[in-house]
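Below is one structure; the comments refer to it alone.
FYI, it's all coordinate maths here, none of it is from the lab. Since we're looking at a predicted model, the values are computed, not measured. Ideal geometry is used to build each Cβ from the backbone, glycine not excepted, and the neighbour counts take in all protein chains shown.
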Amino acid sequence: MKISSRGQYGIRALVVLATRHGGGPTQVREIARVEGLSAKYLEQLLGRLRTGGMVRSVRGARGGYVLARSPEAITVREVLLLLEGSLAPVGCVDEGGTCGGATGHACVAHPVWSGLHATVLGYLDSFTLADLVPAAAPAEAARPAAPAPVEDELLVAATGG
């Protein structure tokens, strides 16, 4: 199992929204700035997350995205399943999967793969977005703010300050 950029960036974007939960919508370009991600790619991910019921979009000049549920109610497992699809290490432990090839019987390693899958899912269920917020808040505060407007830079240059 390998988590793609979809899963990684989706979690990061949702944690930004979780840090701002209850404070109104956050625009895609702001999430992209905070996380250093492509706004275009992030828009695609947020569309999937909206379709999956994780976020809601708010229209208008002050629009953006908000979590559809509280950060405590969204597990990392839910997000990854939505964005990645299966998290199974091999196909035979996924729903409807079979192993053993032509025989149709479980392979000798099936208990290993099944146990691994159950452990991974249990581990991912043990984390919610709220659990990730404390680690994200200092990182978000440390990120540089948007560049200063040009007139401020000209004023500083003109005054020698």
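Quick look at the numbers
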| read-out | value |
| --- | --- |
| For LYS40, LYS2, order by how many other beta-carbon atoms lie within 10 Å, fewest first | LYS2, LYS40 |
| Farthest toward positive dipole pole in the range 5-145 [+1 Lys/Arg, -1 Asp/Glu at C-beta], among THR26, VAL93, GLY47 | THR26 |
| Footprinting exposure proxy for HIS110, HIS117 (fewest neighbouring C-beta atoms within 10 Å first) | HIS110, HIS117 |
| Cβ-placed point charges (K, R +1; D, E -1), dipole of the range 5-145 about Cα centre in debye, nearest 20 | 720 |
